[in-house]
Amino acid sequence: MDAPRPADAAAALAAEQAHLDRLYDRLDALRAAAGQRLREALRETGGTPATRAERESRVAAHRADEARLAAVEEGLCFGRLDTTDGGRTYIGRIGLRAEDPEAPPLLVDWRAPAARPFYLATAAAPEGVRRRRHLRTSGRTLRGVDDEVLDLDEARHGRGADVTGEAALLAAVAAPRSGRMRDIVATIQAEQDRIIRAPLAGTLVVQGGPGTGKTAVALHRAAYLLYTHRRELTSRAVLIVGPNTTFLRYIAHVLPSLAETGVVLQTPGDLYPGVSARRPERPEVAAVKGDRAMAAVLAAAVADRQVVPAGPVEVPAEDGPLTLEPATVAAARERVRRTGRPHNLARPLFDIEVVHALADQVAARIGADPLGGDNLLTAGDLADLRGELRRDPGLRAELDALWPVLTPEELVADLLGDRDRLAAAAGSLPAAQRELLYRADGAAFTAADAPLLDEAAELLGVDDRAAARAAARARRRAESYAEGALDIVRGSASIDVEDEDDPEILAATDLLDAAQLAARHVDADARTAAERAAADREWAYGHVIVDEAQELSEMDWRVLMRRCPSRSMTIVGDTAQTGRHGGAASWSDVLAPYLADRWRLAELTVSYRTPAEILDVAGGVLARIDPALSPPAAVRSAGVAPRAYRVAEESLAQEAARRAGAELAALGAGTVAVVLPDDRYAALAPAVRQAGAAAGDRLAVWTVGRAKGLECDAVVLVEPAALVAGSPRGWQDLYVALTRATARLSVVHAAALPTPLAGLAAG
Ligand SMILES: Nc1ncnc2c1ncn2[C@@H]1O[C@H](COP(=O)(O)OP(=O)(O)OP(=O)(O)O)[C@@H](O)[C@H]1O
């Protein structure tokens with residue numbers, strides 16, 4: 001095929017640069033306008049509470065606009081589609097229209113239907129696309145273009161450059177990594193695009209090996225769904241759950257650059273609002289807490305707090321002491337339990353039952369007819385008697401002891417901190433597991449406690465009558481304020497409107513009554529849906545995305561399913577990487593309790609991170625996990641074989657630091673991670689960090705748990721045998737550790753290497 005003449009190529013580049021310039025001019029104009037609107041809104045002052053709230057939300061919207069336009073500066077336009085009918089479409093991070101609304105769009109958003117062929121068209125199925133062009137830019141300058149000619153006729157006649165889209169992909173995947181994830185909008189692959197644009201409804205599971213882009217796809221799907229179902233999802237918000245805060249920091253910047261809001265990012269430990277469960281937990285304890293058996297344990301713990309006294313209890317009362325018989329309490333408890341109400345919400349019913357029984361007791365004593373006839377007390381007397389009893393502080397204290405109103409935090413802390421309570425509620429668990437649950441120190445909550453707290457909240461119910469009464473009081477206050485405001489409007493109507501009786505003229509009072517005006521005032525909650533969602537345990541999200549989903553426990557799943565009653569979910573993960581005891585072994589096991597088989601599976605098969613040389617080694621480890629599994633195909637090879645360095649035990653830290661230094665030098669740019677087994681972390685991490693301090697944030701020191709979902713350019717893996725021996729999921733941990741690198745892997749060890757690594761060339 002003939003290459004285009006240099007003069008033609010230069011002219012084509014100049015034409016593209018001119019188009020880019022037009023796009024950036026338009027972007028600048030939009031940014032200036034957004035800035036102007038923001039400044040104007042900020043200058044406004046005063047007004048009623050309602051107008052102030054309205055202004056605050058306008059300011060927030062203008063700020064979001066400014067941020068959205070600033071975030072697309074780099075790589076604003078990255079593609080061009082030429083269609084067989086002569087059409088030409090530029091694809092970019094956002095859509096841009098010319099000032100003239102009739103003119104064709106200057107730039108089409110990558111999420112719009114018109115952009116789809118950019119990701120899907122192939123020579124075999126060109127979808128009307130003649131040529132796909134990738135634009136390589138840095139800042140506002142065009143550096144070059146890569147063309148794929150999909151019209152075979154044109155390709156045969158040698159028009160168009162013979163460069164494929166692979167160039168852009170390979171450049172992207174081989175670029176050095178920083179500590180932040182980048183978006184992949186310019187190079188989304190067809191199998192990824194199908195997942196990103198899958199319908200909103202239903203549950204989609206995305207299974208794929210390390211580096212196949214699961215996280216990238218999940219984030220781009222969030223952006224796509226928010227774009228396509230904007231109204232529905234910005235009001236209900238999208239929840240993205242990732243394994244730990246390091247991971248959330250790593251991905252947090254991808255979404256703003258995709259210009260999205262309405263997203264809540266949380267770890268499983270954050271899902272119970274108000275408690276940020278960060279305390280570390282031993283894996284075997286987390287395993288017990290994560291088992292679904294804990295749901296029954298918590299239900300039993302609640303039941304255990306509904307006490308029947310061992311013998312009769314004397315309750316001091318005004319007209320002489322009363323006796324509360326165990327049988328009376330047991331009968332009251334039974335009747336209340338049968339209502340199925342949550343514990344706290346059932347308490348008033350329990351009070352009524354007990355008060356009735358005691359009132360009958362008093363009535364029998366003071367109203368008995370000496371002649372043996374019916375009781376002499378009237379219904380009114382009896383009601384008075386019950387009222388007195390209800391207010392009696394002695395009886396209230398007794399009721400509090402028999403059926404205490406509890407917060408979830410109290411229930412869980414009391415249970416875990418008391419062996420007797422554990423024995424009563426967790427009798428179905430083996431004694432060793434009960435002992436693991438016990439904690440003597442009453443310390444802060446861990447991530448594995450968060451789903452227990454959430455479950456406890458479900459079982460206890462929130463008695464929000466006090467809050468509802470307060471809200472009603474606030475509403476009444478606001479209504480009387482609004483009534484006053486409307487009076488003023490009515491009073492001044494004759495001044496504002498010349499002809500009061502003109503039916504064509506609507507006064508404020510025709511459109512609003514005090515209650516409506518007050519409701520506007522009270523409901524003006526300036527928080528975004530995402531902020532409200534994060535603070536509300538009962539929020540039902542519009543869509544939930546779970547990353548590294550294989551790490552969630554059965555109890556975590558119960559929480560997530562409660563947050564997403566519609567089951568509109570995207571679940572991404574890799575069951576071969578499950579590190580948590582009690583994490584997912586198969587997706588059907590995880591989902592069956594909630595969905596039976598009503599979920600769809602999509603698979604990703606190509607690794608864009610890990611080069612062929614490293615995947616070869618990882619493949620041997622994967623075979624140890626399950627001989628039926630094979631690693632994803634590598635999109636490229638790095639040209640460097642992994643190496644092993646054997647040293648004496650006491651030199652592990654020193655050698656790891658030395659290797660890290662050598663890798664940093666070999667890479668030039670990019671990041672290195674030293675991955676340590678959990679049981680060596682405390683001993684080795686400080687020395688490695690100190691030795692590598694000069695590298696700054698180009699060097700990270702991770703345990704495997706921390707490394708989940710992250711990547712770097714070179715990995716120095718220390719003592720893999722300890723990694724394998726350190727956990728029942730040791731092989732999975734090794735598989736994760738090996739597959740973090742985009743380019744280079746070295747292994748530093750004192751003990752013999754695990755068999756699949758035994759063939760590594762010695763360094
Ligand atoms: N289409 C693509 N174009 C460019 N880069 C891509 C593409 N798909 C994935 N990548 C890159 O490959 C790397 C791995 O992606 P990602 O972290 O999403 O994989 P993963 O499947 O979640 O991996 P793991 O299972 O290890 O967590 C990232 O750097 C990502 O940006």
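Where a number appears in this text, it was derived from the coordinates with a stated rule and is not lab data. No experiment lies behind these values; they were computed from the predicted model shown. Here the Cβ positions follow ideal geometry from the backbone for every residue, glycine too, while neighbour counts run over all protein chains shown.
Please report the equivalent ellipsoid semi-axes of the range 357-451, computed as sqrt(5 x eigenvalue) of the Cα gyration tensor, largest first, in whole Å.
Working: eigenvalues 446, 47, 17 Å².
Three semi-axes, in Å: 47, 15, 9.
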* Picking from 45, 340, 179, whose Cα lies most toward the positive end of the charge dipole for the chain (charges on Cβ: Lys, Arg +1; Asp, Glu -1)? -> 179
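Once the Cα gyration tensor of the range 1-84 is found, what semi-axes does its equivalent ellipsoid get, as square roots of 5 times the eigenvalues, in whole Å, sorted largest first?
Values: eigenvalues 390, 27, 13 Å².
Taking √(5λ) for each Cα gyration eigenvalue gives 44, 12, 8 Å.
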* Asked: Where in the range 178-195 does the label zone of residue 124 land, with the point 7 angstrom along Cα→C-beta and an amide N cut-off under 15 Å?
  -> 190-191
* **Inter-label distance, nm, simple model (7 Å from Cα along the C-beta direction), residue 751/residue 567** => 4.4 nm
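Rounded to the nearest 0.05, what FRET efficiency do residue 762 and residue 249 give with R0 = 35 Å and r taken as the Cβ-Cβ distance? Could you check?
For R0 = 35 Å, the calculated efficiency reads 0.40.
Over all directions, average the projected area of the Cα convex hull of the chain and note it in nm².
Details: hull surface 190.6 nm².
Dividing the Cα hull surface by four gives the mean projection, 47.6 nm².
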* With the contact rule set at Cα under 8 Å and sequence spacing of 6 or more, what percent relative contact order holds for the range 669-711? -> 56 percent
* PRE reach from residue 690 (point 7 Å along Cα→Cβ): which of the range 652-679 fall under 13 Å by backbone N? -> 653-654
* With a Förster radius of 30 Å, plug the Cβ-Cβ distance of residue 381 and residue 327 into 1/(1 + (r/R0)^6) and report the FRET value to the nearest 0.05. => 0.75
* Modelled FRET efficiency - R0 25 Å, residue 8 with residue 141, Cβ distances, 0.05 increments -> 0.80
* In range of the label at residue 594: residues from the range 552-576 whose backbone nitrogen is under 12 Å from the point 7 Å along Cα→Cβ -> 552-572
* **Computed [θ] at 222 nm, helices only, for the chain once each DSSP H run of length n ≥ 4 contributes -39500 (n - 2.57)** => -15000 deg cm²/dmol
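Cα convex hull of the range 182-236: how many Å³ per residue?
Details: hull volume 5.0 nm³, N = 55.
Roughly 91 Å³ of hull volume per residue.
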* Structure fact -> Relative contact order as a percentage, the chain, C-alpha pairs under 8 Å and 6+ apart, gives 15 percent
* **Tilt relative to the chain, helix 652-667 - C-alpha long axis, 0 to 90 degrees, to 10** => 50 degrees
* Hey, rough spin-label estimate for residue 58 and residue 586, points 7 angstrom out along Cα→Cβ, what's it come to in nanometres? -> 5.9 nm
